[in-house]
Amino acid sequence: LVGIVLAYVWRGDSPAGWEESHYTYLIRTFWFGTIGSVVGVVLSVVLIGIPILIAVAVWVIIRSVLSLVKAQKREPMPDPETLGV
């Protein structure tokens, strides 16, 4: 939760252009990951939620690692509005 708050605060104050794309990318990752997790938990009653939770966890991890790799190189995210990897 601290990370998402800081991303919202720092998104407008980023002096480098590449940082803003990372903030947008990670904010979208957080919110769609949260929505996917809630759907997965609700559907875990009928056992279909367990694969959904696993898929959401893998999706969040992949997106976070890709963002970290690009941030180390100080490169912007190619399309921060996408939900794909």
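The values are calculated or read from the model by the stated rules, or taken from the named source; none is laboratory data. Remember, predicted model here, so these are calculated numbers, not experimental data. Neighbour counts run over all protein chains shown; Cβ positions are idealised from the backbone, glycine included. Accessible surface is based on the protein model in full, side chains and every heavy atom, while ligands, DNA and RNA are left aside. Shrake-Rupley method; radii C 1.70, N 1.55, O 1.52, S 1.80 Å.
Evaluated with a Cβ-only charge set (Lys, Arg +1; Asp, Glu -1), the chain carries a dipole of roughly 180 debye about its Cα centre, given to the nearest 20. Projecting the Cα atoms of Gly49, Leu83, Gly36 onto the dipole axis of the chain, where Lys and Arg carry +1 and Asp and Glu carry -1 at the beta carbon, places Gly49 farthest toward the positive end. Fully extending the segment from Val5 to Val65, taken as 0.36 nm per residue of separation minus the present Cα-Cα distance, adds 19.6 nm. Of the options (i) 15.8; (ii) 13.6; (iii) 18.8, only one is Kirkwood radius over Cα pairs in Å as computed from these coordinates, and that is (ii). Taking label positions 7 Å along the Cα-Cβ direction at both Leu47 and Glu81, the computed distance is 4.2 nm, reported to one decimal. Taking every full run of DSSP H in the chain, the ones that stretch at least 27 Å from end to end by Cα along their long axis and average -0.5 or higher on the Kyte-Doolittle scale are 17-43, 49-72.
For the chain, with all protein chains in place and a probe radius of 1.4 Å, 74% of the accessible heavy-atom surface sits on carbon or sulfur. Accessible surface calculations at 1.4 Å, restricted to protein heavy atoms, place the chain at 66 Å² per residue.
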